[in-house]
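> I have a structure I would like to understand better, so I am pasting it below and will then ask my questions one at a time.
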Amino acid sequence: MSKIGITKEPAEWVEKFVSALPKEEWEDYILNLKSSGEFSQLTISPLVERIEEQMRINDEKKKNQNGDQRSKEEKASKVGESVKNASVRSQCSKAKFSRIEEGVSPSQTML
């Protein structure tokens, strides 16, 4: 661009770069950066480094959330199995006791 006489100040490059980021994903981060006062002194390279670092942080958060979700699902599944097993045991016990009340011996219930 400089070959054809177009020059931009570093702050302009930073603004252009920031405006190209997906708003829904980066708006809060950029607003926080701007409000901290550091934004006005950033050049493009340090800004890219900060964005990359934030991307790593976001990825870690997503991994942790996915892991937490899987853990919750596994616990719910185990609880469901325990409830199911307890229900089956309860039904077996009821059947066994009702057969005993009918006069059938426990050894005959195994047949």
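The values are calculated or read from the model by the stated rules, or taken from the named source; none is laboratory data. Everything quoted here is computed from the prediction, not taken from an experiment. Every residue, glycine as well, gets a Cβ built from its backbone with ideal geometry; the counts of neighbours run over all protein chains shown. Remember, those area values only see protein heavy atoms, side chains included, never the ligands or the DNA or RNA. Shrake-Rupley method; radii C 1.70, N 1.55, O 1.52, S 1.80 Å.
Quick grid of which residues meet (1) open to solvent by 90 Å² or more (accessible area, probe 1.4 Å); (2) β-branched (Val, Ile, Thr); (3) modelled with pLDDT under 80:
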position	(1), (2), (3)
SER71	no, no, yes
GLU74	yes, no, yes
VAL88	no, yes, yes
GLN91	yes, no, yes
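> Within segment 20-37, count every residue that is open to solvent by 70 Å² or more (accessible area, probe 1.4 Å) and over 13 Å from VAL48 (Cα atoms).
9
> In addition: Show the residue pairs meeting these rules: Cβ distance below 8 Å; 6+ apart or different chains; first residue within segment 31-52 and under 13 Å from TRP13 (Cβ atoms); second residue basic (Lys, Arg) and in a helix (DSSP H, G or I).
Correct list of pairs: LEU42/ARG50.
> Within the bounds of segment 50-65, is there any residue that is of a type outside the set (Lys, Arg), at pLDDT below 90 and outside any loop (DSSP other than H, G, I, E, B)?
yes
> When both residues are 6+ apart or on different chains and their Cβ atoms are under 8 Å apart, which pairs have a first residue that lies in segment 1-29 and is free of Cβ contacts under 8 Å to residues at least 40 places away in the same chain, and a second that is assigned to a helix (DSSP H, G or I) and of a type in the set (Gly, Ala, Ser)?
Between residues of segment 1-29 that are free of Cβ contacts under 8 Å to residues at least 40 places away in the same chain and residues that are assigned to a helix (DSSP H, G or I) and of a type in the set (Gly, Ala, Ser), the close pairs are ALA11/SER40.
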